[in-house]
Amino acid sequence: MAADHTRAPVLEALDEYHRKGRLSFAPPGHKQARGADPAVREVLGDAVFLGDVLASGGLDDRLTRGRVLERAEELMADAVHAEHTFFTTCGSSLSVKAAMLAVAGPHEKLLIGRDAHKSVASGLILSGIEPVWVEPRWDPRLHLAHAPSAQDFERAFEAHPDAKGALIVSPTPYGSCANLEAVAEVCHRRSVPLVVDEAWGAHLPFHPDLPSWAMDAGADICVTSIHKMGSGLEQGSVFHLRGDLVPPELLKMRADLLGSTSPSVLIYAGLDGWRRQMALRGHELMGGALDLAAHVRAAVEEIDGMHVNDREDFCGPGLADDFDPLPVVIDISGLGLTGFQAADWLREHRNIDAHLTDHRRIGAQITHGDDRETAEELLDALRDLAHAAPELPPAPRVDVPPPSELRLPQALLPRDAFFGPAEHVPVGEAAGRVAAEMITPYPPGIPAVLPGERLDEPVLRYLRTGLAAGMNLPDPTDPDLDTIRVVASGSESSLLRTE
């Protein structure tokens, strides 16, 4: 029987809950907004509280006999050509950890692109999985990383035939994409699964002019953030499953280990509604977003001092395999500014929030939620920024190392270094020591330093100069980076080595 994508089980159940006037003597304690502070209700609106009900014993009965969530997940799976889909209200940071735990266990190997998000590193710390890092394809001219190639994974499997699977990020936050079909073939020849962190790819299944979607490319597990490029609420994420290399009950069990026992029905409703929206109108909406992004890209290219990174910049031999045009990534180095300066100026002077920022770029993602009006507001703000740039202070120098110096050797398992004996040392004395913490420029959230990696002077200098220039480093224990948390002297030899 064909799936009926006009239905939205979570939204319909929530509507029925209100129509029947159910009276709850269970959490949440605000009791459908009645107990919420009036000042909070004024800011948030009562609709937020009215949608905040228990998932079981509220939205559904106590034994979930209505199969509300299950039916919503089945419709989502059908919409994106998966066999199984699981909703989570803890973001893709949880989803990717669940996927990792379903593929490998403590001290088992997993091939991972080193451009992975900090949530992957957190999964390594929690699980004790041994990472086998697969080097990204570094662009030394633009100073950014593209996902590893299928050949890179092939070589890693040859060196580590006992690896339980592979994990790759595609698209990257910059919009560059891997050849997932080729990477999946490398994995499946060895009968091991491929996990794709496709957090930035919720929109990909819904228009043929967008890059290939992980499930169609043969991936086994795909993690997607609906709140990034879709219409879901923050923390709304799904993970999809195909094939028989990972049992669905195992993946669900691993997710239950990490997930909340009090999931947000508001977030479930956002996921459910987005699936219906895309299943019914996705081609039209994504087509409009692509046209709008093309307009914005062409207009930005006309602004002196700005260049929009395009397919010609990102794709080619040794670079990315494909390109998503919706994350409009703008190189502003021609203005003599850093992305940090530009983002701060746009927010302060034009009330524009950019997304991705680095030492030379800002990102302005275009989605189906944008229109000509928002696009023109963005373009006007960018033109104003170009006019204001000569009067702004010179860009602080960020000392970005070449690729050969940016990668640190993994001396200890991330888990062992993170939980082992540690001490703080002055940053000037940290080179040669093994990090016991994560240090991550954010966004995009790719750690420059992982627990267990041996620090060197070029990376420390990059982080210190980046911090001075406005880089956001949310995770080191010393936010000023005057000191670094490292494995205590004399402890390295007692911890498991991975070299």
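List of remarks:
- Yes/no for Ala13 being in a loop (DSSP other than H, G, I, E, B), touching a residue at least 12 places away in the same chain (Cβ under 8 Å) and surrounded by 14 or more Cβ atoms within 10 Å (Cβ to Cβ): no
- If you go through the stretch 266-321 and keep only what is within 30 Å of Gln32 (Cβ to Cβ) and aromatic (Phe, Trp, Tyr), you end up with Tyr268, Trp274.
- Asp291 vs. criteria touching a helix residue (DSSP H, G or I) at 6+ places or on another chain (Cβ under 7 Å) and either outside any helix (DSSP H, G or I) or in the same structural domain as His359 (by TED's automatic domain parsing) (or both): no
- Some residue of the stretch 40-47 being within 27 Å of the chain's Cα centre (by Cα), buried (at least 17 other Cβ atoms within 10 Å of the Cβ) and either of a type outside the set (D, E, K, R) or in a strand (DSSP E or B) (or both): no
- Count of the stretch 358-384 residues which are in a helix (DSSP H, G or I) and farther than 13 Å from Asp331 by Cβ: 12
- Some residue of the stretch 400-407 being closer than 20 Å to Pro136 by Cα, in contact with a helix residue (DSSP H, G or I) (Cβ under 7 Å, 6 or more places away or on another chain) and either in a loop (DSSP other than H, G, I, E, B) or hydroxyl-bearing (Ser, Thr, Tyr) (or both): yes
- Check on Leu408, at pLDDT 95 or above and in contact with a strand residue (DSSP E or B) (Cβ under 8 Å, 6 or more places away or on another chain): no
- The stretch 16-36: number of residues that are more than 30 Å from Ala77 (Cβ to Cβ) and surrounded by 13 or more Cβ atoms within 10 Å (Cβ to Cβ): 6
The values are calculated or read from the model by the stated rules, or taken from the named source; none is laboratory data. Everything numeric in this text was worked out from a predicted model, so none of it was measured. Don't worry about glycine lacking a Cβ; one is built from the backbone with ideal geometry, like all the others, and counts go over all protein chains shown.
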